[in-house]
Structures are given as C-alpha cells and as structure tokens.
1. May I ask for the angle, rounded to the nearest 10°, between helix A:331-343 and the longest principal axis of chain A, with both axes built from Cα atoms and the value confined to 0 to 90°?
2. Could you grab the relative contact order for the range A:132-222? Cα pairs under 8 Å, six or more apart, rounded to a whole percent.
3. Rounded to two decimals, what is Rg over Rh for the range B:1-45 when you use alpha-carbon atoms and the Kirkwood radius?
4. What percent do you get for the relative contact order of chain A when only Cα pairs under 8 Å and 6+ apart count?
5. Cα atoms only, the range A:1-131: Rg and Dmax in Å?
6. Counting Lys and Arg as +1 and Asp and Glu as -1, what is the net charge of the other residues whose Cβ lies under 12 Å from the Cβ of A:Gly267?
7. For peptide B:30-42, compute the average count of partner chain beta-carbon atoms within 10 Å of each residue's beta-carbon.
8. Å³ per residue of the Cα convex hull, for the range A:65-198?
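The values are calculated or read from the model by the stated rules, or taken from the named source; none is laboratory data. These figures come from a predicted structure and were not determined experimentally. Every residue, glycine as well, gets a Cβ built from its backbone with ideal geometry; the counts of neighbours run over all protein chains shown. Side chains are part of the model used for accessible areas, which takes the heavy atoms of the whole protein and leaves out ligands, DNA and RNA. Shrake-Rupley method; radii C 1.70, N 1.55, O 1.52, S 1.80 Å.
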Amino acid sequence: MDQLLQLWHNSGLYQMTPGQGIMILIGMLLLYLAINKNFEPLLLVPIGFGGVLANIPGAGLAEHGGILHLFYAVGIESGAFPLIIFMGVGAMTDFGPLLSNPRTLFLGAAAQFGIFVTLMGAVTLSTLGVFDFSLADAAAIGIIGGADGPTSIYVASKLAPDLLGAIAVASYSYMALVPLIQPPIMRALTNDAERKIKMVQQRHVSHREKIIFPLILLLLVAFLLPDAAPLLGMFCFGNLMKECAVVDRLSNTTQNSLINTVTIFLGLAVGSKLSADKFLDLTTLGILVLGMVAFSIGTASGVIMAKLMNKLGGSQINPLIGSAGVSAVPMAARVSNKLGLEADPHNFLLMHAMGPNVAGVIGSAVAAGIMINYVGG
Amino acid sequence: MEASSLMEEGISLMLFGMGFVFVFLTLLVIVTTLMSWVVTKIEKNIGAIPEGGISSPTTFTPRQGLLKDDDENIITVLTAAVHKYRSRK
C-alpha cells in the first residue's frame, strides 16, 4: 500500500499545480496556432513544445540541470543562438533593392520609432505604479516593436532575462500576425491616390557593390556603435559569405542546416522560459499589449515617413512600402505588395518594399545596440 | 529607481536613441550612395564581375585565342567525357 501511495505521490497528476496545468494548455495553444493556423510554425512548434516540457511536474526539465535549462544556458544566456541566427539571416538577405534606392533606409529608421515610444509607455506605466518595470525591462519590451525575433531575444537576454519568455513569444506571435495587424493601419493612413503611386524601376546593382556594402556597414558599426557589433557583425559576415560567392559551401550551411539546427534549440530554450511562476503574471499581459502598441506605431511611423519624404521631393515613394520598415522579413514586404495590388492590379511593390524591409533589420539592430549601450553601460 | 528619474531616463533614452538611429542610417545612406557612385565609375573602365559571382577560386576560364580552334576544343572535351564515362563502368 505504501508503495502504491508513493507511486501516486510521484505522478504528474498529484504534483501538478494549477499554474503548470494552465501553462501546458498555453503550450498546446501555441502548437495549435503553429500547426493549424500556420503562425510562424518554425518557431512556435519548438517554443510551444518546450513550454509543455518545461511544465511537466516533477520532471524539472527547465530547472537547473534539466536539459532545457542546459540549452538555455548554452545558447541564450551566452547570446550565441540569436547571433548565429542573425548570421543566417544575413546570408539570406539580398541588399540589392536597398542599394538601388538607399533613401529607403530612412523608412527603416522611422519604423524604429515604435520601439522608443513603447519604451516610454512601459516607463510611464511603471511610474504610474501599474507595473514594476525597470529601464532595462522597458528597453527590452520596446524592442518587440522592431519585429525581429533574434534581436528581441538578444536584447532581452542581456537586459531582462526574467521577461525573456514573454518577450520572445510576443515578438514571434506579432511577426506571424503582421498580415492582420498592418493593413488596417496602412489603409487608415493613406488615400487611394497614394496607394496607386508607381515607383521608378530599380536600377541594376552590380555585384561589386553588393560585396562592398556589408564591409562598409561593418566599418560604420565598428566606428560608431560597437555595442551593435555582435548583431550587425554576424549579419554582415553572413551576407558577405553569400555575396562574395567564393565560399558557397559555408554560405549554404549558414542559410540552411546551421540556422535550422539553431532554431530548434533556440525554440526549446525559449520554451523553457514559459514556466508558470514567471509567465502567469499580469506583467506578461502588459508585455503583450505593449508589444502590440510598439508594432502598430512602428508601422504607422514608417508610412508617415514615406509621405513626408514625398513632400520633400525626389522620386515618389509609395507610402505602402513604409510599413515594411518594421523588419519582419519578408512578411511585411509581402503585405505592402498585397495592398499595392489591391489598389492597382499592375503595381508590384514587392521588390521596392524589400529595401525598407532589410533597412528595418539594420535599424532595429542599431536601436538594440543603443539600448544595450545606454542601459547596460 | 525613483519614479520621476525613471521618466527622465526614459525620455532621454528615447530622444538619444531615435536621434542616433537617424544619424547612423543617414550616414549609411551617404556612404552607400558614395560607394555606388565610385563603383559605377570604376566598373566603366574595368568591367563588372560576372553576375553569378566568381564561383570558385579554382575555376579556369580559357581566354579568347588561348585555344586555337573551337571545334578542336569541343572534341577534346567530348573525348575526355566519353573516356571518363567508360572508365567508370
């Protein structure tokens, strides 16, 4: 009888706290969204499953010594995984559209406004006593507005490791929700004539320019903002490997097997942060709301910047591509293209939108560097 | 941290951050435009790198005139290929 009792005491059912039960359900919800609704499945499947694993009572997978905790310590605490992913993203990025129209970099800059407004929002909320965010927490939450998963995770791991689970989930879910969140904002801020603006055909960008660009970007980072050097350095390295075309084998590995391997472990490690005591908190709800605000403001300021640039002269820019300034490559650019086609079935904006789109990646990495510099240093 | 000073820190981080993002990307626009201009100038004289890139450092591209006859060339290649195919069997 004693042994039976002991078996019962060791069972998951006996040990489960209500919080763990809810977290397992949340993990299942993430899996459902990923599998049935196709929301960023590459990340939400590992994150959701990691979340379920982390909350198995008595198994302690996410506690010290558990395998998920190990993944976390090796890859995220050290900052390695987001950086490796960034290298892969660099190797998949084509700077051609950006180089043919460098002015679109301003759109990528403007869209970072959401990051800083949200930072202010978080600071205001904690001044009002609603939440208890430090400046570092606020900075990490704001970065969600950059709509760049690896950047968010990198900043959160440096500035606010406690909030990492919520921040990662928020930033990846919003990336998946780009096609739902952005269009209403874009429609509200533009009129029909603006949506129909046809942009000048892009000039041809020579191969040499594409090789030199990552090196220039790297030098600029090295001189001006060394705190962004880990992110942008890996990004430039990946891009150079792709463009120089003499190391195709390395570039292919970075773009495929390496980034996939790291994504698996990154997802599981983020999932390990979905433990009941950290996640089931009003703070998480606050982060989700603030992240949404960050994202919407980023979208809006990109569109407004494009309209402003049209007022200042030069070749006309379709304001719809402004929203692509919030990285989220290539989803945001596809949304711009879709709305452009709705207004005029012959107006293809995809390639034009890729410019601000990759500019957004650079912009949010720069913003991340500033946050780390200012708060950490 | 005291509430009001947290607000101040937030505001200064926002202004500083947004300002810096713009300064950085403006510089990038200037430098990039300059680079494109220089590269285009240079490439007028020396020609562009082939579109697919220099695929591998060991690639050997015979220059015009190095091999006398195109037909002769093709025959050499075909013979080599047939030879290789047979030797594999």
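1. Helix A:331-343 sits at roughly 50 degrees to that axis.
2. 20 percent
3. With Rg and the Kirkwood Rh in hand, the quotient comes to 1.46.
4. Worked out over chain A, it gives 30 percent.
5. 21.8, 78
6. 0
7. Taking all residues of B:30-42 together, the mean is 5.
8. Convex hull volume per residue, Cα atoms: 149 Å³.
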